[in-house]
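To start, the structure under review is shown below, and the notes come after it.
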Amino acid sequence: MSAGTGNGAAGLNIALSKGRILEESLPLLARAGVVPVENPLQSRKLVIDTNLPGVQITIIRAADVPTYVQFGAADLGIAGRDVLMEYEGDGLYELLDLRIARCRLMVAEPAGLAARDDPKAWTRVRVATKYVNITRRHFAAKGIQTDLIKLYGSMELAPLVGLSERIVDLVDTGNTLKANGLVEVERIADISAWLVANKASMKMKHVPLKALVDRLARAVGSNA
Ligand code: ATP
Ligand code: PRP
């Protein structure tokens, strides 16, 4: 589906999100020869030209990247696999694992509970998470019913204040879980950031888009 115009007929627009994705994408883009003309980590501009004629980057919220790409408001986007798994739309291709922003999506609970808990015996669980679709699917596949509490961040707080004993959240070093007395009990997925493309742009802008994707693929390879 393509409701937007992206960056015009010839140009290419890449949607990125502030924070971790932007910080880890910029060095990768630079290795691919794509350098923003002003530093998006400092600028308040939301659309920034790059050194490549016609190639722009757009700065949006992480969870909005698939939406911008699906509707053609961006030709390409960089989004965490967690965001893509949670997104319910279609109209985008997952082109390339960029191998950045790597972490894992886990079920976690208080260490005290984990000591006497048996996940194999679960039939119904209450879970606080921002990943309600992924969580529902994960447990449904195992025949476990879920009572979901939708949060928008700081999931690790939920067990501490009695909102829910279990959470589903991203874990990297494990420091946040540890600091809050929680432990990992089940792995749902390994996560990294992926390059996604609008399906219509793949056809209409095939030549410049493929050239850019090839540059990025080489940059990922050179960092392997
Ligand atoms: P927003 O700031 O818009 O609410 P967010 O908090 O999800 O979004 P980030 O924390 O920058 O934004 O995370 C963006 C992506 O980076 C996530 O979707 C995930 O793929 C990845 N990510 C998140 N936390 C970690 C982490 N601790 N280690 C590695 N990658 C992570
Ligand atoms: C992410 C995630 C965890 C934390 C895990 O949060 O939601 O809270 O990182 O990383 P760790 O295992 O290395 O401690 P983030 O730092 O992005 O903060 P947020 O809650 O604002 O998204």
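Values in this text are rule-based calculations from the coordinates and carry no lab data. Quick caveat: nothing in here was measured; it's all calculated off a predicted structure. Cβ atoms come from the backbone with ideal geometry, glycine included; neighbour counts cover every protein chain shown.
Observations on the structure shown:
- 20 Å Cα-Cα reach of LYS205 towards aspartates and glutamates, excluding residues that sit fewer than 8 places from it in its own chain: ASP49, ASP75, ASP90, GLU94, ASP214
- Rounded, prolate or oblate (a/c below 1.5 giving rounded, otherwise prolate when a/b exceeds b/c) for the stretch 33-116 by Cα gyration tensor: prolate
- The chain, dipole about Cα centre (Lys/Arg Cβ +1, Asp/Glu Cβ -1), debye to the nearest 20: 240 debye
- Overall dimensions of the stretch 53-178, expressed as equivalent-ellipsoid semi-axes from the Cα gyration tensor (√(5λ), whole Å, largest first), are 32, 16, 13.
- Taking 22 Å as the straight-line reach from the Cα of LYS199, the lysines in range (excluding those fewer than 8 positions away in the same chain) are LYS210.
- Given +1 at the Cβ of Lys and Arg, -1 at the Cβ of Asp and Glu and no other charges, the dipole of the stretch 44-101 around its Cα centre is 340 debye to the nearest 20.
- CD proxy at 222 nm, helix term only [per DSSP H run n ≥ 4: -39500 (n - 2.57); per residue of the chain; nearest 500]: -8500 deg cm²/dmol
- For the chain, the percent of C-alpha pairs falling in each 10 Å distance bin, counted from 0 to the bin holding the largest distance, reads 8, 31, 29, 19, 11, 2, 0.
- Placed amide H near LEU95: partners under 5 Å, 5+ positions off or other chain: LEU195, VAL196, ALA197
- Of the GluC sites (Glu not before Pro) found in the stretch 85-135, those in coil by DSSP whose Cβ has at most 13 other Cβ atoms within 10 Å are GLU88.
- Legend: ranking of residues ARG44, ARG187 from fewest to most surrounding C-beta atoms inside 10 Å; resulting order ARG44, ARG187.
- Taking a straight line from the alpha carbon of LYS178, these lysines sit under 29 Å away, with near neighbours fewer than eight places off in the same chain left out: LYS18, LYS120, LYS130, LYS142, LYS150.
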